[in-house]
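The values are calculated or read from the model by the stated rules, or taken from the named source; none is laboratory data. Quick caveat, the model's predicted, so the values are computed rather than measured. Counting neighbours? That spans all protein chains shown, and the Cβs are built from the backbone with ideal geometry, glycine included. Ligands, DNA and RNA are excluded from the accessible area calculation, which covers all protein heavy atoms including side chains. Shrake-Rupley method; radii C 1.70, N 1.55, O 1.52, S 1.80 Å.
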Amino acid sequence: MKTKIIVLSSLLFLAAFTSCTSYLTPAILGSNMGYMPKAMGADSIKTFTNISASYAGSISPSTGTDFVFEMANVSRSNTFQKWNISYGGYGYTGRASGGDIDSRPENLKNYLPSFQKSISGMGLRLSAGLHNTSANGNTDFRYINIENALSFEGGAYTKFRQEVYGNPIPDYVTVTNRTVLWTTGLSTEVIWRARNEHNIRHAFRLFLGGTPNFASSFRSGVKAYDEIHGKNSFGWVFNYFLYVKRFSLSYELADNVNYAQKISFGYSFR
């Protein structure tokens, strides 16, 4: 399954890259704005506690660095008559790989040597928004939500980024030393339940936002400066969510610094 997701990610995004610059970005970006299930407005029980496990695959811009990691997530949500709030946390572990297999000294002036490093981290999520419930109670329009994620990243890959950042940088490399990341933005969502089976639900969610001052945290080699100059971290995350009798599946696609895909399986306590 892991191989299939990595291959799918590569096929989806490879055509978008024309630069040979390697970006050393934090692994979690693109995967940190996950879906947090909520009760619907017409539900008699208004509180959800959800636990889930995720598998994520992502790549930094220009296919410079590949990330593969597993996540554990927990969240709790409360739905009121016209508004809702969700909060939770997550932890993750995996690996990052990249660099150039050509280790000749003249090549290392331009590119990083091949590497494979461990990644790990944790984070917090908060979402609050307004919604409107349809007359028959089968659809909620969560038309605006404020979303936030605070992530703390460590591991050998983070140490590697900091070492590259603190030394002369190869010409076609750009790197950030950030280990604490705040991502914020707005989302909109629609969720509906089957007319005759209220325990089957579908949802679509779109998030738009970014990581403030993130682009200014990069240092670049002389050939990579034009690639990062003037850029920002604004991006999007799209989710599909399926809920069947307390069990759930979420599929996520993102262009939010990294290009990412994530699939999650969960269970809800009410």
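Take the solvent-accessible surface of the protein heavy atoms, probe 1.4 Å, and return the percent of it on the chain that carbon and sulfur atoms account for.
61 percent
Whole-Hz Karplus ³J(HN,Hα) for the stretch 92-97, in order, using 6.51 cos²θ - 1.76 cosθ + 1.60 and θ = phi - 60°, x for Gly and Pro?
Whole-Hz 3J(HN,Hα) from phi for the stretch 92-97: 8, 8, x, 9, 10, 9.
Over the chain, what relative contact order in percent results from Cα pairs under 8 Å that are six or more residues apart? Provide the component values of the computation, followed by the final result.
On the way: 734 pairs, mean separation 54.2, N = 270.
It comes to 20 percent, rounded to a whole number.
What list of whole percents do you get for P(r) of the chain, with Cα-Cα distances grouped in 10 Å bins up to the one holding the largest distance?
Result returned by the calculation: 7, 30, 32, 18, 9, 3, 0.
Suppose a student asked you for the relative contact order of the stretch 167-270, using Cα pairs under 8 Å spaced at least 6 residues apart; what percent would you report?
With pairs under 8 Å counted, the relative contact order is 25 percent.
Which value results when the Cα radius of gyration for the stretch 27-104 is divided by 2.2 N^0.38 Å?
Rg over 2.2 N^0.38 Å, computed on Cα atoms: 1.55.
How big is the stretch 45-172 along each principal axis, measuring the range of its Cα positions in Å and listing the largest first?
Per principal axis, max minus min of the Cα coordinates gives 69, 23, 22 Å.
Any idea how far the Cα center of the stretch 127-149 sits from the one of the stretch 189-259, in Å?
If we compute the Cα centre of each part, the gap is 17 Å.
Treating the beta-carbon of each Lys and Arg as +1 and of each Asp and Glu as -1, no other charges, what is the dipole magnitude of the stretch 54-200 about its Cα centre, to the nearest 20 debye? Numbers along the way, then the final one.
Details: 13 positive and 12 negative charges, 88 e Å.
My answer is approximately 420 debye.
Using C-alpha positions alone, give me the convex hull volume of the stretch 144-232 per residue in cubic angstrom.
139 Å³
For the chain, with every protein chain kept in place, what is the accessible area per residue (1.4 Å probe, Å²)?
Value returned for the chain: 46 Å² of accessible area per residue.
So which lysines pass the test for residue 82, namely a Cα distance under 17 Å, with those fewer than 8 places away in the same chain ruled out?
Cross-link targets: 38, 46.
Using R₀ = 51 Å, calculate the FRET efficiency as 1/(1 + (r/R₀)^6) where r is the Cβ-Cβ separation of residue 97 and residue 136; round to 0.05.
The computed FRET efficiency comes out at 0.50.
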